[in-house]
Amino acid sequence: MRCPSCGERDTRVVDSRDLDDTAIRRRRECSTCGSRFTTYERIESARLTVLKSDGRREEFDRDKLANGLAKALTRRPVPSGAAMEAADAIEAQLRAQGVTEVPSSAIGELAMDRLRTLDQIAYVRFASVYQSFDDLEQLKREVDTLFAERADTIPGQTTMGLVVPPKRVGGVVVGTLPEPARGAPRRTSRRP
Ligand SMILES: [Zn+2]
């Protein structure tokens, strides 16, 4: 196993913990450049089958899921490895429930849940493909819901990069600055 930063093979484990009964997460440190990265060990025999909407079955593919998430997260301000970590978390969630077969629609929902908290633009990207929004109204409703949630949870709204400037998603302009959290429009009259 090579350090993802410099390619060094000599790395040491600095932390280990069980994710569930079938997987261990290890934090490693490169002995050359000191950068840290995460690896996962899992029991190979634990099978997880995906039931697709057309009735076919295939082996759960964590990399494929991570790739889908990574595509949605392209050029978004999230840590590198976020897609893989999200895919891991989704897999761990499924395995923790002890299921051996899972419908692909459930995986899609789990992916959207992760993205929703990770990065809302990525969420809208993913949802617009996954749920195939077929008109502007549907997309607008989804975005309105996100803004409503944001106004509920983050009154300040300017921290953590949560303000979304107008931009195109799937060829459609969706972004507008959110309204001031609630109440009257901000009109600060300051006395001299
Ligand atoms: Zn290194």
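Details
- Dimensions of region 54-139 along the principal axes, based on C-alpha atoms and rounded to the nearest Å, stand at 36, 31, 18, largest first.
- Under Karplus coefficients 6.51, -1.76 and 1.60, residue-wise ³J(HN,Hα) of region 92-105 in Hz, glycine/proline x: 4, 4, 5, 5, 5, 7, x, 7, 10, 9, 9, x, 4, 5
- Taken along the Cα-to-beta-carbon direction at a fixed 7 Å, the label points for SER53 and ARG2 span 3.9 nm.
- Summing Cβ point charges (Lys, Arg +1; Asp, Glu -1) relative to the Cα centre of region 1-157 gives a dipole of roughly 560 debye.
- Residues whose placed amide H lies under 5 Å from that of SER35, excluding near-sequence neighbours: CYS30
- Amide H to amide H distances under 5 Å link VAL50 with GLU58, GLU59, PHE60, VAL102, where only residues 5 or more positions off or on other chains count and H is placed in the peptide plane.
- HN-Hα J in Hz across region 107-122 - Karplus 6.51, -1.76, 1.60, θ = phi - 60°, x for Gly and Pro: 5, x, 5, 4, 4, 5, 4, 4, 5, 4, 8, 7, 6, 6, 5, 4
- Taking the Cα atoms of region 6-98, the ratio Rg/Rh between the radius of gyration and the Kirkwood radius comes to 1.02.
- Paramagnetic reach from ARG17 (point 7 Å along Cα→Cβ, amide N under 20 Å) across region 58-89: 79-89
- One chain, two ends: GLU137 and LYS71. Fully extended at 0.36 nm per residue, the span grows by 21.4 nm beyond their Cα-Cα distance.
- Neighbourhood net charge (10 Å Cβ-Cβ; Lys/Arg +1, Asp/Glu -1) for ARG76: +1
- Under 5 Å between amide hydrogens, built in the peptide plane, is the criterion, and for LEU19 it picks out ILE24, ARG25 among residues at least 5 positions away or on other chains.
Where a number appears in this text, it was derived from the coordinates with a stated rule and is not lab data. Quick caveat: nothing in here was measured; it's all calculated off a predicted structure. As a convention, Cβ positions derive from the backbone with ideal geometry for all residues, glycine included, and neighbour counts pool all protein chains shown.
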